[in-house]
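First the structure, in the form of structure tokens, and then the observations on it.
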Amino acid sequence: MLTLHFAPNSRAGRIVWLLEELELEYDINKMAFNPKDLKSDEHRARHPLGRVPVLDDGDVRIYESGAIVEYVIERHKNGGLKPEVSDPLYPEYLQWFHYCEGMVMPPVNTIVVQTLLLPPDRRDETVLGQAQRLLAKALEPVDESLAGRDYLIGAFSAADVMLGHACFMSNRLGCVSDEMVNLKGYVERIAERPAFKTAIEMA
């Protein structure tokens with residue numbers, strides 16, 4: 001049985017979404033998103049930095065959301081969520097899968113820190129503005145690529161689990177402009193997927 005160590009409003013939501021899409025059985029160890037749970041000795045034994053998600057699969061323990069997604073679809077069930085290496089769409093799939101953490105999530109992280117995590121007296125409007133502009137630029141190629149497509153490579157894939165989750169969070173933070181009509185529609189489609197709704201409800 002798979003066990004997911006989870007905290008709300010984190011990348012662990014991606015893994016719930018993936019497991020639900022693939023209809024895999026799993027247990028949840030739900031923790032509060034605070035140091036009492038995440039920085040406890042018990043959880044640091046799972047992840048040295050006290051982060052989530054962490055996935056246990058028998059004797060295997062793995063963290064980093066992207067690594068977990070790849071592990072699950074290779075070891076347990078692809079479910080059509082990853083094209084074959086010989087598929088012409090495979091390079092684009094890889095690109096968007098990794099674009100999430102490389103380009104979109106760094107400014108998202110800064111925005112969350114500057115608007116939600118830091119007390120008002122420690123927030124920096126200059127840093128926040130820089131992150132918001134960087135995120136807008138990072139989202140422009142995603143919006144353009146979605147023209148005429150429902151999902152990043154056409155059909156729904158694990159790249160959507162990664163980058164789609166980040167786009168949803170970007171929109172929730174108010175960082176997807178109304179001019180990005182393709183991206184707005186994409187976020188709406190994601191939000192209507194039953195598996196995604198289950199993941200968000202856990203948050």
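The values are calculated or read from the model by the stated rules, or taken from the named source; none is laboratory data. All values derive from a computational prediction rather than experimental measurement. Please note: Cβ atoms are built from the backbone with ideal geometry, for glycine as well, and neighbour counts cover all protein chains shown.
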| note | Of the residues in the range 57-103, those that are in contact (Cβ under 8 Å) with a residue 60 or more places away in the chain and of a type in the set (F, W, Y) come to Y93, W96, F97, Y99
| field | Lone qualifier among G148, G154, G174, G185 - being small (G, A, S), in a helix (DSSP H, G or I) and not assigned by TED's automatic domain parsing to the domain that holds G66 | value | G185
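Condition check ((1) within 19 Å of L139 (Cβ to Cβ); (2) out of contact with any Gly (no Cβ under 9 Å at 6 or more places or on another chain); (3) surrounded by fewer than 20 Cβ atoms within 10 Å (Cβ to Cβ); (4) hydrophobic (A, V, I, L, M, F, W, C)) across all residues:
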{"position": "V52", "(1), (2), (3), (4)": "no, yes, no, yes"}
{"position": "V60", "(1), (2), (3), (4)": "no, yes, yes, yes"}
{"position": "Y63", "(1), (2), (3), (4)": "no, yes, yes, no"}
{"position": "N78", "(1), (2), (3), (4)": "no, yes, yes, no"}
{"position": "L81", "(1), (2), (3), (4)": "no, yes, no, yes"}
{"position": "E84", "(1), (2), (3), (4)": "no, yes, yes, no"}
{"position": "P91", "(1), (2), (3), (4)": "no, yes, yes, no"}
{"position": "V108", "(1), (2), (3), (4)": "yes, yes, no, yes"}
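Table: residues versus (1) under 17 Å from L146 (Cβ atoms); (2) surrounded by fewer than 14 Cβ atoms within 10 Å (Cβ to Cβ); (3) in contact (Cβ under 8 Å) with a residue 24 or more places away in the chain.
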| position | (1), (2), (3) |
| --- | --- |
| C167 | yes, no, yes |
| N171 | yes, no, no |
| M180 | yes, no, yes |
| R193 | yes, no, yes |
| E201 | no, yes, no |
| field | Per-region count, the range 158-186, residues within 13 Å of the chain's Cα centre (by Cα) and within 24 Å of Y90 (Cα to Cα) | value | 11
| said: Go through the range 188-203 and report how many residues are part of a helix (DSSP H, G or I) and under 22 Å from I28 (Cα atoms). | reply: 10
| task | Please verify whether the range 2-9 includes one or more residues that are surrounded by fewer than 18 Cβ atoms within 10 Å (Cβ to Cβ), farther than 30 Å from A136 by Cβ, touching an Asp or Glu at 6+ places or on another chain (Cβ under 6 Å) and not acidic (D, E). | result | yes
| field | Those helices (runs of 4 or more DSSP H) lying entirely in the range 13-124 with at least 1 residues under 24 Å from G154 (Cβ atoms) | value | 65-75, 90-99, 105-112
| remark: Screening V181, V176, V127, V104 for residues that are closer than 30 Å to D27 by Cα, β-branched (V, I, T) and modelled with pLDDT of 95 or more leaves only V104
| Extreme residue, nearest to S177 (Cα to Cα), among residues of the range 110-142 that are surrounded by 12 or more Cβ atoms within 10 Å (Cβ to Cβ) and among the β-branched types (V, I, T) | V142
